[in-house]
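Below you'll find the structure, written out as structure tokens, and then a few comments.
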Amino acid sequence: MTIDPRPGLSGVHPDDLAAWVAAQGQPAFRARQIADAIWKDGGVTSSAAILTLPTPLRDALDADFRLDTVDDTELRLGDGGATEKSLHRLSDGQLIESVLMHYPARAGSRERHTLCISSQAGCAVGCPFCATGELGFGRDLETAEIVDQVRHAARRLAANGQRLTNIVFMGMGEPLLNLDRVLAAVEALNDPARFGLGARHITVSTSGVVPGIRRLTALGPQFTLAVSLHAARDALRDVLVPLNRRWPVAEVVAAAREHARATGRRISYEYTMIGGVNDTDADADALVESLRGDHAHVNLIPMNPVAHTPWQASPMPVIEAFAATLRDAGISTTIRRNRGQEVGAACGQLAAERAGEPAPPVVARRRERLVMASAAALRGDRSDEPVPAGIVGASGEQG
Ligand code: SAH
Ligand code: SF4
């Protein structure tokens with residue numbers, strides 16, 4: 001299957017839309033009418049629904065653009081309706097996921113509706129505890145394919161008189177390896193004339209693509225940056241986040257520190273707690289050493305169960321003791337309850353299910369390799385495996 005060559009309309013820059021309208025010989029206000037139709041309450045999914053436009057202009061829109069790029073979507077509910085997981089099939093058959101999570105109002109905080117979105121189909125980084133990592137890399141998403149996940153959720157919320165309050169790029173893919181499209185999507189989501197969500201309500205999570213972090217630092221604050229650390233010792237992080245072999249812990253933390261200094265915004269570190277692997281006293285001490293004195297926050301996340309790993313979440317008392325070590329050292333730390341396990345909300349799980357079960361010997365070899373690699377890492381031996389294909393040369397380094 002080949003990708004539909006027509007760009008998604010929601011990814012078209014307003015200047016380009018204005019130029020297109022002019023080229024159709026139409027007055028400038030038509031561009032405003034089209035934009036209103038795309039963005040209001042999540043927007044329309046077909047040109048036929050833009051009643052303000054003359055029919056020939058609707059036909060011209062259809063000829064040149066797709067009104068929705070995630071139209072083939074399957075929905076699964078979990079957590080008693082508090083989690084809605086969408087599996088989107090793209091025009092070339094690639095599968096991606098987004099997850100909408102509803103949080104009720106509590107003392108001191110208003111009701112929240114947070115959407116977790118994907119930036120790539122699959123991921124080249126290959127973290128072994130992540131379902132997307134096991135799938136491997138499919139392709140980069142187009143700007144509209146990123147934005148349309150948001151419009152899809154916004155429409156469902158609008159039907160209940162609700163609005164999206166937060167967006168996190170914590171779905172499938174490594175956003176900083178598709179940075180141009182992610183930045184264009186964030187601009188659209190942020191722009192008051194388009195989706196209009198404040199930059200503080202948008203979080204992009206990276207596994208530590210250092211040149212991408214530096215590029216963001218140069219641009220100034222666009223959104224909140226979260227860094228997936230998962231280990232502060234290189235030997236272990238080489239196994240858990242394979243791009244560590246290219247950008248090791250000290251470089252990632254230094255880039256994050258510089259980003260915090262330049263933007264005045266606190267860095268958030270994600271740390272998935274894996275029982276007996278990265279939750280030892282030595283790991284807590286190493287994390288304290290790495291982050292001491294930084295303007296940082298650590299989120300400890302019990303590992304979501306994922307097929308084909310030999311690992312499980314750390315027990316809660318271990319997570320609490322780990323958190324206490326960090327807090328005693330003055331590092332602000334929270335333990336995050338994971339959501340949506342029953343619908344496979346660690347993104348990539350539904351798509352992995354669709355990809356089919358690998359042969360049992362392949363699964364057994366993968367488990368064995370991970371047991372040996374993490375045991376070697378705990379002894380402090382650095383892995384001699386190569387940097388994952390797809391990371392070499394894909395540095396995101398620009399200007
Ligand atoms: N590629 C980016 C963003 C997507 S992953 C990144 O890695 O940061 C979003 C977050 O989910 C990351 O912190 C990732 O490590 C975490 N994650 C992946 N699989 C998980 C699992 N099985 N349990 C808990 N967290 C997981
Ligand atoms: Fe990719 Fe993030 Fe999954 Fe690692 S955790 S494989 S970087 S999506």
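The values are calculated or read from the model by the stated rules, or taken from the named source; none is laboratory data. In this text the structure is predicted, and so the values were computed from the model without any measurement. Cβ atoms come from the backbone with ideal geometry, glycine included; neighbour counts cover every protein chain shown. Note: accessible area is taken over every heavy atom of the protein model, side chains too, but ligands, DNA and RNA are not part of it. Shrake-Rupley method; radii C 1.70, N 1.55, O 1.52, S 1.80 Å.
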#### Entry: Mean Cβ neighbour count within 10 Å, used as a protection proxy, ranking 213-224, 142-153, 60-71 highest first
142-153, 60-71, 213-224
## Note on the structure
For region 9-53, listing trypsin sites (Lys or Arg not before Pro) in a DSSP loop whose Cβ sees at most 11 other Cβ atoms within 10 Å gives none
### Task
For the chain, give the magnitude of the charge dipole about the Cα centre (Cβ charges: +1 Lys/Arg, -1 Asp/Glu; no others), in debye to the nearest 20.
780
### Query
What does the charge count near Ala329 come to, summing +1 for each Lys or Arg and -1 for each Asp or Glu among other residues with Cβ under 14 Å from its Cβ?
-4
### Task
Would you pull out the residues with amide H under 5 Å of Gly275's amide H, same chain only if 5 or more places away, H placed 1.01 Å from N?
Gln312, Ala313, Ser314
### Task
State the Cα centre-to-centre distance between region 106-165 and region 191-261 in whole Å.
17
### Query
Using alpha-carbon pairs under 8 Å, 6+ residues apart, how would you state the relative contact order of region 232-296 in percent?
40
### Prolate/oblate/rounded label for region 46-148 (Cα gyration tensor, a/c 1.5)
oblate
### the chain - Rg over Rh from alpha carbon coordinates, Kirkwood radius
0.98
### Segment Asp281-Thr165, extension gain: residue separation times 0.36 nm, minus the distance between their alpha carbons
38.1 nm
### Query
For the chain, with every protein chain kept in place, what is the accessible area per residue (1.4 Å probe, Å²)?
43
### Message
Using a 1.4 Å probe on the protein heavy atoms, what percent of the accessible area of the chain belongs to carbon and sulfur?
### Response
52
### Gain on full stretching of the segment that runs from Thr325 to Thr52 - 0.36 nm per residue minus C-alpha separation
92.2 nm
### Query
So what is the relative contact order for the chain, in percent, with contacts set as C-alpha pairs under 8 Å and at least six apart?
16
## Note on the structure
Residue by residue through region 235-247, the couplings from Karplus 6.51 cos²θ - 1.76 cosθ + 1.60 with θ = phi - 60°, in Hz, x for Gly and Pro, are 4, 6, 5, 4, 7, 6, 10, x, 6, 4, 5, 9, 10
## Note on the structure
Once Phe29 and Ala193 are pulled to full extension, the length gained, defined as 0.36 nm per residue separation minus their Cα-Cα distance, is 57.7 nm
### Message
Given the options Leu77, Ala107, Ala18, identify the residue whose Cα lies farthest towards the positive end of the charge dipole of region 1-118 (+1 on Cβ of Lys, Arg; -1 on Cβ of Asp, Glu).
### Response
Ala107
#### Entry: region 246-322, dipole about Cα centre (Lys/Arg Cβ +1, Asp/Glu Cβ -1), debye to the nearest 20
380
### Message
Run the helix sum for the chain: -39,500 (n - 2.57) per DSSP H stretch of 4+ residues, divided by residue count, reported at 222 nm to the nearest 500 deg cm²/dmol.
### Response
-11000 deg cm²/dmol
